[in-house]
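S.K.: Quick one: the structure is below, questions incoming.
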Amino acid sequence: MTQTPDSSNVPSRNTTNEHTNQGENTMAAKTTTDAPKPSAAEIKADVETDLEAMTTVDTQEKVEALSAAEIKADVETDLEAMTTVDTQEKVEALSAQIQESLKGLRVNQRVGLEMRRKEAVAEATDRIKKATKEEAAKPSTEVATKPKASASWTEMAGGEEEAKKLMEAGVSRIREGAEIGIKAADLFKEVAHVVFEGRLRLNNKAGLPDITGRSQGARNLSTDMFTEAKKTVAEDQVDLLEFHASLAKGVQNRMTDVTVEFLRALATTPVEEAAKTFPFLTDVDQTASAKGVEFPVDATPEDKVRWVYAENGIDLPTETRAELAARKRAEAKELANKAQEAPEGDSGEGEGEGEGEGQEDTHTPAEEKLLADAAKLADTVKKLSAKGKKLEPELKAALKARLDEALKELAVASASLA
């Protein structure tokens, strides 16, 4: 600085006198021109000059003028920063900061800077919106790498030809078993093994072998297998048609058993061998550790496979159907024994439980109704038989024909529950 400001003169910018109303009006007018904006270095130099001048000013007007200059310098810095921000949040933060700074100026001193703030916010907002659209239009690499469930059984690991071989093996076994009269329960389980092998080669939406058959490919595998196997059955082969009608349900009932037996076998399978089906076993320890989980020293491939599926929201079965039924019977028996052992006349009053509370039902209401309907069916058949013996020969023959038809349906239903 070359001289100390006096009562009629304060440091000025290279363009206009910013400490007078005339200078402010000039700045406002120039916001619409192409006059170059001061650089950050120039602004900093002006502020330093003003701060130095502040130490020697001798009137309050000069103090206010220099303070206003400093505020305007801060605003200029924020306006320059507005041209490079990359998020709308930063735009709004800078805008709020400028508005707060402008409160330190007189109303007539804010006009031009407020106009420039609005223009800067609009320009920055448009720029960010355009950049966001361009980024969204770029091809996403995530879609290409994200696991997806198998849409068709032909997508099995090993290729379409291997998938067709497995399908043919299942169809062939169904046809052979139906024709030679193999025991339904045994055939159902054999076919279930074929279906399960296919599931191991397909993927669920987590990119894991589709053990539980949730993908469209896994569902189509069994459906297409049963449909293809039935094509060789003639319309007059009533028994075979009835067998095929019960096939899907019979195989479905065996899938839980096959799954549980397979998983249990993993407990004694070397990790290297199990990893051929479940590649994630090679680094599952590191994955678990990253999530704060440490497997016990004696953890088996079965334990780790179950953990990975559980982490992806899939609970794998732990009991076969027979084991589940046995457990339910044991629980029901235990409840019955407890009821018998309860003191005579003890209704549970005063213990916070009403009649029947605190005991677990062995069946749901829907299951109870199903069993009751079956019992009524047996009673109805007995009544029909007793009354039918008293009918005239012609009516008796008609009733027998109806009962024979019902008997076939019952046989099919019974076979599906085997």
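S.K.: Taking other Cβ within 10 Å of each residue's Cβ, how do E334, E92 sort, fewest first?
M.R.: If I rank by nearby Cβ atoms, fewest first, I get E334, E92.
S.K.: Starting from the Cα-Cα distance between K130 and K376, subtract it from 0.36 nm times their residue separation and give me the gain in nm to one decimal.
M.R.: 81.3 nm is the gain from fully extending K130 to K376.
S.K.: In Å and on Cα atoms, what radius of gyration and Dmax does the range 377-418 show?
M.R.: 12.0, 38
S.K.: Treat each spin label as a single point 7 Å out from the Cα along the C-beta direction, and report the L200 to D186 distance in nm.
M.R.: Label-label distance for L200 and D186, simple model: 2.3 nm.
S.K.: Shifting gears a bit: Calculate, in nm to one decimal, what E409 and V238 gain on full extension: separation in residues at 0.36 nm each, minus their alpha carbon distance.
M.R.: 60.4 nm
S.K.: DSSP loop (so not H, G, I, E, B), at most 15 other Cβ within 10 Å: list which trypsin sites (Lys or Arg not before Pro) in the range 90-175 pass both filters.
M.R.: Those that pass, being in a loop and sparsely packed, are K103, R106, K148.
S.K.: Which pairs in the list K138/K164; K183/K304; K165/K189 are over 27 Å apart, alpha-carbon to alpha-carbon?
M.R.: Correct reply: K138/K164; K183/K304.
S.K.: Please compute the modelled spin-label separation between K338 and D224, points set 7 Å along Cα→Cβ, answer in nm with one decimal.
M.R.: For D224 paired with K338, the spin-label model returns 5.0 nm.
S.K.: Another question about this same structure. Scan the range 275-332 for trypsin sites (Lys or Arg not before Pro) in coil per DSSP, keeping those whose Cβ has at most 10 other Cβ atoms within 10 Å, and list them by number.
M.R.: Taking the range 275-332 and a limit of 10 other Cβ atoms within 10 Å, the loop trypsin sites (Lys or Arg not before Pro) found are K276, K291.
S.K.: How large is Rg/Rh for the range 153-322, to two decimals, with Cα atoms and a Kirkwood Rh?
M.R.: Over the Cα atoms of the range 153-322, Rg/Rh equals 1.04.
S.K.: Then there's this: Please find the FRET efficiency linking A151 to E392, where r is the Cβ-Cβ separation and R0 is fixed at 51 Å, and quote it to the nearest 0.05.
M.R.: 0.25
S.K.: Sticking with this one: Would you kindly state how much longer the chain becomes between T84 and F280 on full extension, computed as 0.36 nm times their sequence separation minus their alpha carbon distance, in nm to one decimal?
M.R.: The span from T84 to F280 would gain 66.1 nm if fully extended.
Every read-out reported here was derived from the displayed coordinates using simple, explicitly stated rules and does not represent laboratory data. For clarity, every value in this text was computed on a predicted model and none was experimentally measured. So basically every Cβ, Gly included, is an ideal-geometry build from the backbone, and we count neighbours across all protein chains shown.
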